[in-house]
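K.L.:
This is the structure I have questions about; it appears just below.
We did not get these values from a lab; they are worked out from the coordinates using the rules stated. Here the structure is a predicted model, which is why all the values come from computation and not from measurement. Glycine gets a Cβ as well: all are built from the backbone with ideal geometry, and neighbour counts include every protein chain shown.
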Amino acid sequence: MIGVLKLKIVYLGWGSLIWNPSNLKTKGEWYTDGPLLPVEFARISRDGRLTLVLYPGTKKLPVLWIYSEIDNLNDTIKDFKAREGTVESWIGYFSIRENKYNCNIVPNILEDIRSWAIDKNVDSVIWTDLPSNFEEKTAEKLNADNVIKYLVNLPDNEKQIARKYIEKAPIQIMTPIRKEIINILG
């Protein structure tokens, strides 16, 4: 009898997905040797938090990764979409076997993800592909000074939520803006 091929599908993470996977169907622990990707604190969430997203042109850092319990790409994307509370177009993925992908924010990361996935013997990779909205929400250019100004001017309750997110982000996600936040705001 021929066995059914089980695909190895993984999620990439760099923010709240790490400490709050919610109902996402994962197995094992988070690994810290993910592909190098350009992530930065560049998106303002509904609750005022400044969250990590892919951001073109910023320093590439090793993100984290974890296996999915699900071995079907479409079902895994649906599971991830539900966890992220977003639409499917904001879910990035790369199916190595099918050479099928969705990557809108920083398309030049696809080769890095492909090479990393082949090295790890992974069939498909899924990540959050949300855009930055900092400039849209603040009418300011994204840089450390403007981010710090944004954080300082948040109402106290939102300031605490924002601080908690920044503190809980994995230590290896030490972005240029995060370094300045720590240097200036502690």
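K.L.:
Give, as ranges by residue number, the residues of region 82-102 whose backbone N falls under 12 Å from the point 7 Å along Cα→Cβ of N20.
P.N.:
Residues 84-85 qualify, since their backbone N sits under 12 Å from the label point.
K.L.:
Next question. Could you list, in their original order, any pairs among K8/K81; K60/K137; K25/K60; K60/K159; K8/K59; K25/K141 whose Cα atoms are separated by more than 30 Å? All intermediate terms of the calculation are to be shown ahead of the outcome.
P.N.:
Values: K8/K81 18 Å; K60/K137 25 Å; K25/K60 27 Å; K60/K159 27 Å; K8/K59 28 Å; K25/K141 37 Å.
K25/K141, as the Cα separations exceed 30 Å there.
K.L.:
Using alpha-carbon pairs under 8 Å, 6+ residues apart, how would you state the relative contact order of region 1-76 in percent? If you can, show how the numbers build up before the last one.
P.N.:
Values: 124 pairs, mean separation 32.4, N = 76.
Relative contact order, region 1-76: 43 percent.
K.L.:
While we're on this one: Consider a paramagnetic label point 7 Å from the Cα of K164 along Cα→Cβ; state which residues of region 7-21 have an amide N under 18 Å from it.
P.N.:
Once the point is set 7 Å along Cα→Cβ of K164, 15-21 turn out to lie under 18 Å by backbone N, inside region 7-21.
K.L.:
Using a cut-off of 12 Å between beta-carbons, work out the net charge of the residues near K149 (Lys and Arg +1, Asp and Glu -1, K149 not included). If you can, show how the numbers build up before the last one.
P.N.:
On the way: positive: K141; negative: E140, D145, E180.
Computed value for this residue: -2.
K.L.:
If you find the alpha carbon centre of region 34-113 and of region 120-186, how far apart are they in angstrom?
P.N.:
Centre-to-centre distance over Cα atoms comes out at 16 Å.
K.L.:
With a/c under 1.5 counting as rounded, go ahead and sort the chain into rounded, prolate or oblate using the C-alpha gyration tensor (a ≥ b ≥ c being the square roots of the eigenvalues; past the cut-off, prolate if a/b is larger than b/c, else oblate). Display every interim value, and only then the final one.
P.N.:
Working: a/c = 2.11, a/b = 1.93, b/c = 1.09.
Judged from the Cα gyration tensor, the chain comes out prolate (a/c at least 1.5, a/b above b/c).
K.L.:
While we're looking at this one, here's another question. Ranking R83, R46 by Cβ neighbours within 10 Å, fewest first, what do you get? Intermediate values should be presented prior to the final figure.
P.N.:
Details: R83 20, R46 6.
Lowest count first: R46, R83.
K.L.:
Continuing with the same structure: Need one word for region 12-54: rounded, prolate or oblate. Basis is the Cα gyration tensor (sqrt eigenvalues a ≥ b ≥ c); a/c below 1.5 gives rounded, then a/b vs b/c decides. Present the calculation step by step, with values, prior to reporting the outcome.
P.N.:
On the way: a/c = 3.26, a/b = 1.31, b/c = 2.48.
Judged from the Cα gyration tensor, region 12-54 comes out oblate (a/c at least 1.5, b/c at or above a/b).
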